[in-house]
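**Q** Below: one structure in structure tokens.
Only the coordinates and a few stated rules stand behind these numbers; no lab work does. Keep in mind that this is a model prediction, so the values were computed, not measured. Cβ sites come from the backbone with ideal geometry, for glycine too, and all protein chains shown count toward neighbours.
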Amino acid sequence: MVAKKNSRYAKETTLRHLWLAALGAAVVARREARTAAGNAVQEAGKLGGRAVRVAVDAAAVARGGALTVAERIEPKFERIGGEIESRLAPLLAKLGIAAKTRRPVRKTRRPAAKSRRTARPAAKRAREARR
């Protein structure tokens with residue numbers, strides 16, 4: 001049987017042990033700090049994206065509200081404007097001031113101009129005939 005080695009130094013903590021433990025702790029701390037920084041950047045990006053989406057949604061809601069208000073108020077303003085014009089028309093007629101007449105709104109579109117595509121095949125045939 002082989003004699004067992006008993007070392008009295010095995011149970012003592014030396015400066016080398018402390019140095020290696022400190023290096024290990026520094027490596028673990030550095031790795032954790034890098035991971036935490038990466039997570040923080042990722043979360044900040046997510047929060048920024050959420051903030052942008054909330055701002056876009058709020059702008060859309062405000063735009064929709066403004067359009068709704070405009071749709072409700074515009075006919076009232078037109079009606080009030082018409083009433084004012086009808087009440088002022090006799091007064092303006094007495095003073096000899098002609099009211100500005102509005103140009104009638106055109107309801108139909110103009111016919112589209114003829115495209116040059118119809119002329120191209122003829123021009124192409126003429127070029128080919130010259131050759």
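**Q** From a point 7 Å beyond the Cα of D57 in the direction of its Cβ, which residues of segment 15-47 have a backbone N at a distance under 20 Å?
**A** 43-47
**Q** Could you tell me the distance between the Cα centroids of segment 73-99 and segment 39-61, to the nearest Å?
**A** Answer, in whole Å: 51.
**Q** What FRET efficiency do you get for A21 and V41 if R0 is 35 Å and r is their Cβ-Cβ distance, rounded to the nearest 0.05? Please list the in-between numbers first.
**A** Values: r = 31 Å, r/R0 = 0.88.
FRET efficiency, A21 to V41: 0.70.
**Q** Right, another one. May I ask for the equivalent-ellipsoid semi-axes of segment 15-97, computed as the square root of five times each C-alpha gyration tensor eigenvalue and listed largest first in whole Å?
**A** Values: eigenvalues 1188, 24, 5 Å².
Ellipsoid half-lengths, sorted descending, are 77, 11, 5 Å.
**Q** For segment 44-58, just list the computed ³J(HN,Hα) in residue order, Karplus coefficients 6.51, -1.76 and 1.60, θ = phi - 60°, integers in Hz, with x standing in for Gly and Pro.
**A** These are the phi-based 3J(HN,Hα) values: 4, x, 5, 5, x, x, 5, 4, 5, 5, 5, 5, 5, 4, 5 Hz.
**Q** What are the ³J(HN,Hα) couplings of segment 72-88, residue after residue, when phi is run through the Karplus curve with 6.51, -1.76, 1.60 and θ = phi - 60°? Round to Hz, x for glycine and proline.
**A** After applying 6.51 cos²θ - 1.76 cosθ + 1.60, I find 7, 8, 4, x, 5, 5, 5, 5, 5, x, x, 5, 5, 4, 5, 6, 7 Hz.
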